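Here is the structure we will look at, set down as structure tokens.
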Amino acid sequence: MVSIRRSVSAFVAVAIGVTLVAAATLLLASGRPQVPDRLARAAVVVQSPEAGASADSFVPTRPWSATATAGLVGRLAALPGVAAAVPDRTFYAQPLIDGRPAASDTHEGHGWSSTQLGGLRLTAGEPPRRPGEVVVGRALGLRTGAPVTLLTAVGAESYTVTGLVDGHGVHVADEVAATLAPGVRAIGLVLTADADPERVATAARGIVGTDGRVLTGDARGALEPRNDARTRWIGMQVLTATAALAGFVTVFVVASTFAFTIAQRRRELGLLRAVGATGRQVRRMVYGEALVVGASGGIVGLLVGGGLAPPLGWVLIDAGFEPSTFRVGYEPWPVALSLVAGPVISLLAVWSASRRAARVRPLEALREAAVEQRPIGRLRVATGALLVAVGVALSVGTATADEARVAGQYALYAVMALVAGATVLSPAVVGPVVRLLRSPVRRRGGAIGMLVRGVDRDAADRVHCRPGAAHRRLRGAGVRDGADHHRRLCGRTGGQRERRLDRAARPGTRAVGPGRRRDRWHRPPADHRLPHRSRNSAGGPAADRAGCGPGRLRRREPCAHRRRRLARRPAW
């Protein structure tokens with residue numbers, strides 16, 4: 001049966017981790033290259049060949065010359081199903097209004113014929129037909145007939161606004177565009193209503209050959225501006241690292257939570273083992289609880305992450321990690337991944353805790369419900385130190401890397417190594433940190449400070465039953481020979497105490513219950529006090545002659561005082 005109170009911490013950890021994974025994957029799926037609006041109506045686009053650099057360098061493609069462009073346009077326009085082949089001439093153009101740059105996200109200019117590829121609609125005025133005429137977007141706030149200055153590669157030139165369109169960018173006459181952009185990097189094909197894009201694309205590849213690429217569908221996103229592509233790539237690296245780190249860290253956090261929960265339930269698990277539960281059944285129970293917690297946490301995390309994705313998208317745009325054309329969409333695979341991530345993370349995290357739960361012995365039910373403190377092993381220390389060293393080395397590599405792509409990979413691996421190393425070394429680090437944080441309450445006189453100091457000091461003593469700590473507590477209760485009394489009842493270690501209880505549970509041992517007298521060596525004294533010894537703290541012959549010295553306790557013989565006290569006790 002799942003304990004809601006004890007599973008809240010694991011549920012919260014899983015929900016937070018899945019929230020980060022869901023939001024990051026939804027944003028990552030939405031960060032694919034988008035088809036430029038100016039090419040939306042071109043079902044087939046022919047792109048100029050690559051310049052020979054890698055795709056991550058974001059170097060523009062090698063443009064065709066004016067002669068090659070004219071030849072390709074003529075042959076592509078003659079293909080069956082092609083209504084028009086339009087070269088897209090793109091050049092730098094920034095409007096200046098009253099001597100100041102206009103508030104615009106795009107600084108691109110095109111020839112007026114390129115409007116056929118994007119379906120821009122002229123809302124006012126007329127198209128540009130002569131040099132010195134320009135059509136701008138309505139967002140600039142200009143009117144037809146108003147003067148405007150365009151800053152291009154040849155310098156600042158004065159133009160007159162002849163029309164307005166419901167889009168971005170500026171459009172000049174085709175002969176002016178041919179002067180400002182003699183090379184062409186894309187030729188759009190406008191198809192007829194009954195044309196098959198794939199068949200037209202196959203015919204276009206036969207004409208272009210190795211002198212370009214033919215793009216259809218979502219592949220036309222490769223034609224987005226290089227600045228947008230670079231910004232989108234940076235955002236994808238950030239989102240990928242976020243999703244990977246969220247899942248990685250969540251596994252460790254949930255594993256620690258389950259381990260702490262299992263340690264608190266040792267008495268409960270011991271009772272289950274005492275009534276006949278096998279280790280496999282206990283392990284199956286722990287896995288079932290983890291599966292329930294992971295599934296419920298995954299659903300909650302998916303809902304929260306899906307709601308946070310659009311606001312996080314706006315934050316990424318403002319931070320410069322995504323272009324202004326970025327829009328959040330809901331794809332099927334991030335939803336499925338988030339639903340699966342919760343149970344998978346929980347099952348991976350509970351693996352170690354389930355093995356520990358299966359090893360709980362039935363006699364654990366008789367121990368105190370305290371967290372077991374085990375010393376950290378040498379192999380674990382070496383593994384943690386190695387992971388921390390690798391993380392530090394990768395951090396140095398991140399700072400000294402020449403390429404952004406390599407630095408991003410080093411940073412991701414460095415964080416993962418440091419997180420894993422800190423988790424492995426946490427048992428050795430938590431103690432000094434707790435002592436450091438405990439320093440403000442070290443002064444005497446406060447009840448809260450005393451409790452904090454006592455709990456932190458005796459946490460391991462309560463579990464391991466160490467004679468030193470028990471001796472201090474017995475002496476504080478008034479028992480003179482506390483060490484011998486503790487050894488007689490509990491043994492020198494917790495293991496000896498368990499073996500003694502095992503011997504007491506063997507067949508033939510006197511039963512204890514109503515109507516039966518408890519065995520004198522397993523019955524705790526009523527007042528937890530032993531007879532007073534002589535003033536000699538080390539005992540001696542006088543105490544032995546009186547029948548109360550430590551020698552009799554070591555020989556496990558009751559003294560006269562104890563025999564009289566046992567005789568006066570009522571029968572069980």
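Condition test on THR210, is it modelled with pLDDT of 90 or more, under 48 Å from the mean Cα position of the chain (by Cα), surrounded by fewer than 18 Cβ atoms within 10 Å (Cβ to Cβ) and of a type outside the set (D, E, K, R)? It is false that THR210 is modelled with pLDDT of 90 or more, under 48 Å from the mean Cα position of the chain (by Cα), surrounded by fewer than 18 Cβ atoms within 10 Å (Cβ to Cβ) and of a type outside the set (D, E, K, R). Taken over segment 174-197, the criterion of being assigned to a loop (DSSP other than H, G, I, E, B), under 30 Å from LEU151 (Cβ atoms) and open to solvent by 40 Å² or more (accessible area, probe 1.4 Å) is satisfied by PRO182, ARG185. Based on what the data block shows, is LEU215 within 20 Å of VAL45 (Cα to Cα) and modelled with pLDDT of 90 or more? Against the criterion (within 20 Å of VAL45 (Cα to Cα) and modelled with pLDDT of 90 or more), LEU215 qualifies. Of the listed requirements (1) farther than 27 Å from SER30 by Cβ; (2) assigned to a helix (DSSP H, G or I), ARG232 misses just one: (1). Somewhere in segment 368-379, is a residue assigned to a helix (DSSP H, G or I), modelled with pLDDT of 75 or more and touching a Leu at 6+ places or on another chain (Cβ under 8 Å)? Scanning segment 368-379, I find no residue that is assigned to a helix (DSSP H, G or I), modelled with pLDDT of 75 or more and touching a Leu at 6+ places or on another chain (Cβ under 8 Å), so the answer is no. The set of residues in segment 398-415 being of a type in the set (S, T, N, Q), at pLDDT 85 or above and under 22 Å from the mean Cα position of the chain (by Cα) consists of THR398 alone.
Let's see how each residue does on (1) of a type in the set (A, V, I, L, M, F, W, C); (2) open to solvent by 30 Å² or more (accessible area, probe 1.4 Å); (3) in a strand (DSSP E or B):
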| residue | (1), (2), (3) |
| --- | --- |
| VAL12 | yes, yes, no |
| VAL18 | yes, no, no |
| ALA23 | yes, no, no |
| LEU28 | yes, yes, no |
| VAL46 | yes, no, yes |
| PRO49 | no, no, no |
| THR61 | no, no, no |
| VAL86 | yes, no, yes |
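Listed by position, the strands (runs of 3 or more DSSP E) inside segment 95-171 whose residues that are crowded, with 20+ Cβ neighbours inside 10 Å number at least 3 are 108-111, 133-137, 155-165. For segment 269-300, the set of residues classified as charged (D, E, K, R), open to solvent by less than 70 Å² (accessible area, probe 1.4 Å) and out of contact with any Ser or Thr (no Cβ under 8 Å at 6 or more places or on another chain) consists of ARG273 only. In segment 70-85 there is no residue that is in contact with a Pro (Cβ under 8 Å, 6 or more places away or on another chain), of a type in the set (Gly, Ala, Ser) and at pLDDT 85 or above. With respect to VAL35, determine if the residue is out of contact with any Ser or Thr (no Cβ under 7 Å at 6 or more places or on another chain), among the β-branched types (Val, Ile, Thr), modelled with pLDDT of 90 or more and surrounded by 15 or more Cβ atoms within 10 Å (Cβ to Cβ). In short, no. Would you check if THR69 is part of a helix (DSSP H, G or I) and surrounded by 15 or more Cβ atoms within 10 Å (Cβ to Cβ)? Answer is yes for this residue.
The values are calculated or read from the model by the stated rules, or taken from the named source; none is laboratory data. If you're wondering where the values come from, they're calculated on a predicted model, not measured in any experiment. Here Cβ is always computed from backbone atoms with ideal geometry, including for glycine, and neighbour counts include all displayed protein chains. What goes into the accessible areas is simple: the full protein's heavy atoms, side chains included, and nothing from ligands, DNA or RNA. Shrake-Rupley method; radii C 1.70, N 1.55, O 1.52, S 1.80 Å.
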